[in-house]
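*Asks:* Questions regarding the structure given below will be posed in turn.
The values are calculated or read from the model by the stated rules, or taken from the named source; none is laboratory data. Bear in mind that the values here come from a model prediction, so they are computed numbers and not experimental data. As a convention, Cβ positions derive from the backbone with ideal geometry for all residues, glycine included, and neighbour counts pool all protein chains shown. For the accessible areas, the whole protein counts, side chains as well, though only heavy atoms, and no ligand, DNA or RNA atoms are used. Shrake-Rupley method; radii C 1.70, N 1.55, O 1.52, S 1.80 Å.
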Amino acid sequence: MTTASSTTTKSGDKRELDRVTIRFAGDSGDGMQLVGSHFTTTSAVIGNDVQTLPDFPAEIRAPAGSLPGVSAFQISFAAEDIFTPGDRPDVLVAMNPAALKANLSELPRGATIIVNDDEFNKANLKKAAYEENPLDTDALDGFTVHRVPITSMTTRALEDSDLTAQQKARCKNFFALGLMYWLFDRPLDSTLDMINEKFATRATLREANVAVLKAGHAYGETTEMFHETFHVPPAELEPGLYRNITGNAATALGFLAASQQAGTPLFYGSYPITPASDVLHELARFKNFGVKTFQAEDEISAVCATVGAAWGGALALTGTSGPGLALKGEAVGMAVMVELPMVIINVQRGGPSTGLPTKTEQADLLQAIYGRNGESPLCIVAPCTPSDCFTMAIEAFRIAVKHMTPVIYLSDGYLGNGAEPWKIPDVASLPAIKVAYATQPGEGEEFLPYKRDEWLARPWAIPGTEGLEHRIGTLEKQDLTGNVSYDPANHQHMTDLRAAKIERIADDIPPLEAFGGDSGELAVVGWGGTYGALRSAVTRAQRRGAKVSHIHLRHLNPMPKNTGELLSRFDKVLVAELNCGQLRALLRAKFLIDCAGLNKVAGQPFRVSEVEAKIDELCAGEKN
Amino acid sequence: MTPTYTRKDFTSDQDVRWCPGCGDYSILAQIQRVLPDIGKPRHEIAFVSGIGCSSRLPYYMNTYGFHTIHGRAPAIATGLKSVNPNLSVWVVTGDGDGLSIGGNHLLHVMRRNVDLNIILFNNQIYGLTKGQYSPTSEFGKQTKSSPVGNIDHPIRPIGVALAAEASFVARTMDRDTKHLQQTLLAAAAHKGTSFVEVYQNCNIFNDGAFFPLTEKATKADNTVVLEHGKPLIFGKEREKGIRLNGLTPEVVKLSEVDESELLVHDAERADPVLAMLLDRMTHPQFPVPLGVFRRVERPCYEQLMQGQVDRERKRKTPDLAQVFRRGNTWEVTKRS
Ligand code: SF4
């Protein structure tokens with residue numbers, strides 16, 4: 001086995017590598033996500049930097065053994081800081097023929113394939129539409145193939161167990177995990193701990209899982225099948241306490257933290273939708289923090305209840321994915337009109353319409369900016385890594401309550417389900433969020449619900465406050481008083497004010513920075529979850545001497561004040577995004593800067609190599 | 001202590017802009033009349049409405065008010081009440097707003113039993129959009145959008161509320177100011193969703209839709225007032241009553257049938273069967289029932305929600321740092 005970055009210092013039969021990418025693939029009932037997360041935790045605990053990418057089918061239980069039923073989990077672990085879960089796996093663990101078939105095209109030549117030999121029977125081959133057993137033909141030439149009878153070895157390890165045959169068969173994922181632990185020189189401790197905790201009261205299951213895990217490990221050690229094992233030393237990470245976190249979990253924690261920092265209870269209105277539901281599941285566990293979660297009857301109710309909660313003075317949050325944002329459009333426009341603070345999470349997925357619910361895409365940017373009737377500007381932020389989901393959640397509410405505006409938070413399926421080590425922040429160091437409700441006006445003063453402060457924000461006057469009784473509504477309103485107004489000049493004035501209020505947020509966000517030089521031949525511009533791929537590709541190109549910089553937007557509306565000026569200092573601008581050119585269109589329109597595009601809508605994240613190739617193409621002849 | 005208010009305290013400085021003669025005026029006036037008696041300070045009262053003629057009402061109330069978007073007022077009110085259970089929250093909606101575009105929210109707010117007072121102005125027509133048939137318009141009705149007759153079968157608001165498990169369901173009329181006031185007060189007193197259908201005359205697009213029920217000459221023969229624990233008696237001379245024949249109600253004369261044989265109203269029955277049966281009594285075969293169809297006790301949504309928060313708080317001290325460290329953690333130290 002080789003990896004692009006392997007340092008092949010041979011130390012006995014243990015080879016040292018910088019980075020390895022493994023994909024576990026099997027039937028959706030085979031527990032691939034579970035072993036993937038165990039492998040991730042173990043690798044993180046021993047100090048590797050890790051990045052993961054789950055890939056599961058949209059169907060809950062597609063027919064066992066079929067191609068649509070294949071579920072996979074990819075993990076990249078390294079002795080250095082890494083930004084992506086790896087382009088192509090070095091090792092594929094295929095638990096059945098369908099898993100092999102569905103993933104084979106992703107493997108580079110020379111990759112290692114470990115198959116569960118027992119499952120390559122006639123019936124399963126047929127389900128995967130294999131005419132012949134690929135293990136017996138030359139179909140896998142050029143790969144290193146290991147045929148391991150995982151199912152029968154698992155059953156044998158459980159000969160004395162009281163489990164049913166079916167329960168025994170279900171343990172086979174742990175055999176594969178044990179084998180991979182041996183091959184990559186990982187300790188069993190943290191997985192054993194987790195098994196003991198999970199099955200604390202169910203001794204039979206606990207013993208079975210432990211036995212099978214150890215059997216897998218021992219199998220690697222005792223058979224002569226593998227000539228060498230591999231070691232990936234710890235990475236040089238910033239000191240501190242770490243845990244592994246998915247983007248969705250970080251999103252939930254970020255909003256929880258925002259509520260604590262604001263001293264204001266969080267209200268989360270949501271309707272279940274893939275891939276955003278995990279945020280609802282997470283937040284529903286934090287009732288002890290005063291979090292109120294409302295599972296609404298539909299997307300519209302979810303956002304409307306959130307607007308109601310915002311009016312009532314809560315930190316009001318709603319969450320959804322693409323089609324749900326379309327349904328929420330009118331109510332978000334209402335929040336723009338009545339100028340109440342709230343945050344709308346959109347964990348983007350493949351579209352249009354129902355699209356690809358479990359796959360990632362960034363094609364809702366223009367929907368977020370323009371997807372409402374009338375001139376209805378609002379603020380948009382986008383986290384760029386799973387950990388950044390935490391940071392930007394707090395940022396979203398900081399802006400919402402200070403500037404009295406709805407804020408759309410654009411995550412995506414890749415960020416939401418992907419995981420990486422998260423340096424646990426010190427609670428005391430979290431930014432403050434200042435919430436100031438309007439109070440009764442002084443003697444002789446009149447309360448004006450649409451009088452603005454220096455940021456053009458109106459007062460947040462919540463029902464229950466004595467002396468502030470007033471009406472808000474979705475009809476155009478007179479400046480200051482908020483009374484209904486059909487006056488033409490007033491409508492122009494209010495439209496301008498709402499726009500200026502959002503533009504002014506640019507004075508309240510950090511300037512855009514370039515990774516690399518502040519000027520040069522090429523700026524690679526991105527936003528959201530493509531950060532890792534772009535950063536890796538730019539880093540590699542820089543190492544080869546290219547004068548290329550990476551610029552990543554986390555505030556998309558308004559953009560940082562120096563955006564146009566910074567981009568204009570580069571000869572060329574490449575906008576890389578998982579859509580057909582939405583940010584590119586915005587940048588061109590806003591700054592009259594010509595931009596090239598790298599665009600992909602395949603439901604998959606960028607491969608670093610794809611970005612690198614595009615950089616090379618644009619810098620052709622200019623690099624040394 | 002709640003201050004002593006008069007109707008004027010609940011009147012905003014905005015000019016009322018309904019068509020002269022519209023039934024909405026009476027409903028607004030009765031709401032303003034009863035609010036001094038519900039035991040809430042003015043700043044703890046909020047009106048939420050959707051879109052339509054009726055939904056302009058919050059602008060005319062000197063309380064907190066929110067004129068929202070079409071059909072969604074129940075959802076917005078749910079959010080408000082969830083985060084501030086102390087408020088008295090009123091939802092103002094119409095037959096189009098509540099039963100057509102907002103039907104889904106109306107159903108779900110009632111099954112959740114959020115403590116709101118929902119007033120549905122039923123004029124059996126779209127007024128603000130100038131006269132199209134609504135979900136409660138009669139079959140065959142000719143309107144601007146149904147010049148040769150409406151082919152949509154109408155739905156019955158009370159039946160919808162009962163099917164949605166509403167805990168308080170009542171009907172009243174714009175012209176019967178006293179009954180309207182009584183009904184609003186009963187709705188305000190009820191803990192849980194109170195659903196009140198108000199027959200409202202749209203004198204521009206559907207004038208006289210309820211005249212047989214509201215006009216002096218015919219009212220007594222065409223309506224029956226429901227009173228909990230009392231037999232159903234009606235007529236100018238209170239000479240008629242309703243008797244149940246199996247599951248079928250029938251009109252009987254008290255000169256022929258003893259009062260003890262009459263159907264006795266039970267608004268507090270656990271199941272909604274009787275209330276449903278009463279709702280099926282329609283003009284002209286039957287007198288139309290007015291009053292409280294159903295009033296049962298059920299925990300309110302916002303209380304259950306707050307209850308979970310309070311219980312979880314007691315069970316687990318909120319500790320952000322601890323939540324951050326959940327699961328497996330590891331320490332990275334500076335390597336020498
Ligand atoms: S259109 Fe009908 S319901 Fe609307 S204000 Fe005029 S009379 Fe009233």
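*Asks:* So what is the relative contact order for the range A:514-623, in percent, with contacts set as C-alpha pairs under 8 Å and at least six apart?
*Replies:* 33
*Asks:* Tell me the mean residue ellipticity at 222 nm calculated for chain A from its helices only (DSSP H runs of n ≥ 4, each -39500 (n - 2.57), averaged over every residue, nearest 500).
*Replies:* -10500 deg cm²/dmol
*Asks:* Given points 7 Å out from each Cα along the Cα-Cβ axis, report the B:Lys130 to A:Glu443 separation in nanometres with one decimal.
*Replies:* 5.3
*Asks:* Whole-Hz ³J(HN,Hα) for each residue in the range B:57-68, computed from phi via Karplus 6.51 cos²θ - 1.76 cosθ + 1.60 with θ = phi - 60°, x for glycine and proline: what do you get?
*Replies:* Couplings: 3, x, 4, 9, 9, 8, 10, 6, x, 9, 8, 9 Hz.
*Asks:* Round to the nearest 0.05 the FRET efficiency obtained for B:Asp37 and B:Asp266 when R0 = 25 Å and r is the Cβ-Cβ distance.
*Replies:* 0.40
*Asks:* Follow-up. B:Tyr64's amide H: which non-local residues (gap 5+, or another chain) put their own amide H closer than 5 Å, with H modeled 1.01 Å from N in plane and none for Pro or chain starts?
*Replies:* Close amide H contacts, sequence-distant or interchain: A:His470, B:Ile45, B:Phe47.
*Asks:* Tell me the label-point distance for the pair B:Asn245, B:Lys334, using the 7 Å Cα-to-Cβ offset, in nm and rounded to one decimal.
*Replies:* 9.7
*Asks:* Right, next: With the radius of gyration and the Kirkwood radius both derived from the Cα set of the range B:167-321, what is their ratio Rg to Rh?
*Replies:* On the way: Rg = 20.4 Å, Rh = 17.7 Å.
My calculation of the ratio gives 1.15.
*Asks:* If you take the accessible area of A alone plus B alone and subtract the pair, what total do you get in square angstrom, rounded to 100, with a 1.4 Å probe?
*Replies:* Roughly 5800 Å².
*Asks:* How many partner chain Cβ atoms sit within 10 Å of a residue's Cβ in peptide A:426-434, on average, as a whole number?
*Replies:* Across A:426-434, the average partner-chain Cβ count within 10 Å equals 1.
*Asks:* Sticking with this structure for a sec: Specify the angular offset, from 0 to 90 degrees and rounded to the nearest 10, of the alpha carbon long axis of helix A:488-504 from the longest principal axis of the alpha carbons in chain A.
*Replies:* The helix A:488-504 is inclined about 40 degrees to chain A.
*Asks:* Cα-Cα pairs above 12 Å in the range A:104-144: how many percent?
*Replies:* 61
*Asks:* Ok, one more. Within the protein assembly as shown, what whole-number % of the accessible surface is contributed by carbon and sulfur, with the 1.4 Å probe and all protein chains included in the calculation? Before the final figure, lay out the partial values.
*Replies:* Numbers: 19080 of 37470 Å².
Carbon and sulfur: 51 percent of the exposed surface of the protein assembly as shown.
*Asks:* Something else about it: Quick one: Cα centre-to-centre distance for the range A:70-147 and the range B:232-293, in angstrom?
*Replies:* Taking the Cα centre of the range B:232-293 as reference, the centre of the range A:70-147 is 74 Å away.
*Asks:* Could you name every residue in the range A:18-49 that has 20 Å² or more less accessible surface in the full protein assembly than in its own chain alone (probe 1.4 Å, ligands and nucleic acids excluded)?
*Replies:* A:Thr41, A:Ala44, A:Val45
*Asks:* As a test, work out the antiparallel percent of DSSP beta bridges whose residues both lie in the range A:7-231, rounded to the nearest 5.
*Replies:* Taking every DSSP beta bridge with both residues in the range A:7-231, the antiparallel ones total about 55 percent.
*Asks:* Here's a follow-up. Can you report the principal axis dimensions of the range A:44-186 using only the alpha carbons, biggest first, rounded to whole angstrom?
*Replies:* So the three principal-axis extents are 43, 38, 31 Å.
*Asks:* On the first, second and third principal axes, largest extent first, how far apart are the outermost C-alpha atoms of chain B in Å?
*Replies:* That works out to 103, 48, 47 Å along the principal axes.
*Asks:* Indicate, rounded to the nearest 5 percent, the antiparallel portion of the DSSP beta bridges found entirely in chain A.
*Replies:* Values: 31 of 86 bridges.
The antiparallel fraction comes to roughly 35 percent.
*Asks:* Okay, moving on. By the scheme Lys and Arg +1, Asp and Glu -1, what is the net charge of all other residues having a beta-carbon under 9 Å from that of A:Val347?
*Replies:* Here the charged neighbours net out to -1.
*Asks:* Continuing with the same structure: Once you list every other residue whose beta carbon is under 10 Å from the beta carbon of A:Ser387, what net charge do they have if Lys and Arg are +1 and Asp and Glu are -1? Display every interim value, and only then the final one.
*Replies:* Values: positive: A:Lys423; negative: A:Asp388, A:Glu420.
That works out to -1.
*Asks:* Further question on the same structure: Translational D (Stokes-Einstein, µm²/s) of the protein assembly as shown at 37 °C and 0.692 mPa s when Rh comes from the Kirkwood sum over C-alpha pairs?
*Replies:* Reported coefficient: 104 µm²/s.
*Asks:* Given 0.36 nm per residue, what is the gain on full extension from A:Lys561 to A:Asp594 after removing their alpha carbon distance, in nm?
*Replies:* Working: separation 33, 0.36 × 33 = 11.88 nm, distance 1.86 nm.
Extra length from A:Lys561 to A:Asp594 when fully extended: 10.0 nm.
*Asks:* Give me the percent of DSSP beta bridges within the range A:514-623 that run antiparallel, rounded to the nearest 5. Could you put the intermediate results ahead of the total?
*Replies:* Details: 2 of 17 bridges.
Counting only bridges with both partners in the range A:514-623, antiparallel ones make up about 10 percent.
*Asks:* Still on this structure: Could you grab the relative contact order for chain A? Cα pairs under 8 Å, six or more apart, rounded to a whole percent.
*Replies:* Dividing the mean separation by the residue count of chain A yields 11 percent.
*Asks:* Something else now. Suppose R0 equals 56 Å; then what is the FRET efficiency for B:Gln142 and B:Lys8 from their Cβ-Cβ distance, rounded to the nearest 0.05?
*Replies:* Efficiency for this residue pair is about 0.85.
*Asks:* Compute the acute angle (0 to 90°) between the alpha-carbon long axis of helix A:32-45 and the principal axis of greatest extent of the alpha-carbon atoms of chain A; round to the nearest 10°.
*Replies:* 80
*Asks:* Can you grab the distance from the C-alpha centre of the range A:221-244 to the C-alpha centre of the range B:83-147, Å, no decimals?
*Replies:* Centre-to-centre (Cα) distance: 63 Å.
*Asks:* Report, as a whole number in µm² per second, the diffusion coefficient that Stokes-Einstein gives for the range A:243-429 at 10 °C and 1.306 mPa s using the Kirkwood radius over alpha carbon pairs.
*Replies:* Estimated via Stokes-Einstein, D reaches 101 µm²/s.
*Asks:* To continue, here is another question. For the protein assembly as shown, what does the accessible surface come to per residue with a 1.4 Å probe? Please give it in Å².
*Replies:* 39
*Asks:* List the residues of the range A:240-279 for which accessible area in the full set of protein chains is at least 50 Å² lower than for the chain on its own; 1.4 Å probe, protein heavy atoms only.
*Replies:* A:Leu241, A:Tyr242, A:Arg243
*Asks:* Using alpha carbons only, how many angstrom separate the centre of the range B:1-59 from the centre of the range A:571-624?
*Replies:* Value for the Cα centre distance between the two parts: 58 Å.
*Asks:* Given H placed on each backbone N at 1.01 Å, which residues far from A:Lys547 in sequence or on other chains put an amide H within less than 5 Å of it?
*Replies:* Amide H neighbours of A:Lys547: A:Glu521.
*Asks:* Given contacts defined as C-alpha pairs under 8 Å and at least six residues apart, what's the relative contact order of the range A:243-429, whole-number percent?
*Replies:* Relative CO of the range A:243-429 lands at 29 percent.
*Asks:* Please list the non-local residues whose amide H lies under 5 Å from the amide H of A:Asp185, H modeled 1.01 Å from N, same-chain partners needing a gap of 5 or more.
*Replies:* For A:Asp185, whose amide H was placed from the backbone, the distant partners under 5 Å are A:Phe230.
*Asks:* What does the range A:536-608 give for Rg and for Dmax, in Å, if only its C-alpha atoms count?
*Replies:* Looking at the range A:536-608, its Cα Rg and Dmax stand at 12.8, 35 Å.
*Asks:* Mind giving me the FRET efficiency for B:Val16 and A:Asn490? R0 is 22 Å, r the Cβ-Cβ distance, nearest 0.05 is fine.
*Replies:* Here the calculated transfer efficiency is 0.55.
*Asks:* May I ask you to evaluate 6.51 cos²θ - 1.76 cosθ + 1.60, the Karplus curve with θ = phi - 60°, for each residue of the range A:193-201 and list the ³J(HN,Hα) values in order in whole Hz, giving x for glycine and proline?
*Replies:* After applying 6.51 cos²θ - 1.76 cosθ + 1.60, I find 4, 5, 4, 4, 6, 5, 9, 3, 9 Hz.
*Asks:* Per residue of the range A:348-358, in order, report the coupling 6.51 cos²θ - 1.76 cosθ + 1.60 (Karplus, θ = phi - 60°) as ³J(HN,Hα) in whole Hz, putting x for Gly and Pro.
*Replies:* Taking θ as phi minus 60°, the curve returns 5, 9, x, x, x, 6, 5, x, 10, x, 9 Hz for the range A:348-358.
*Asks:* Please give the helix A:531-543 orientation as an angle from the longest Cα principal axis of chain A, in degrees from 0 to 90, rounded to the nearest 10.
*Replies:* Its long axis makes an angle of about 70 degrees.
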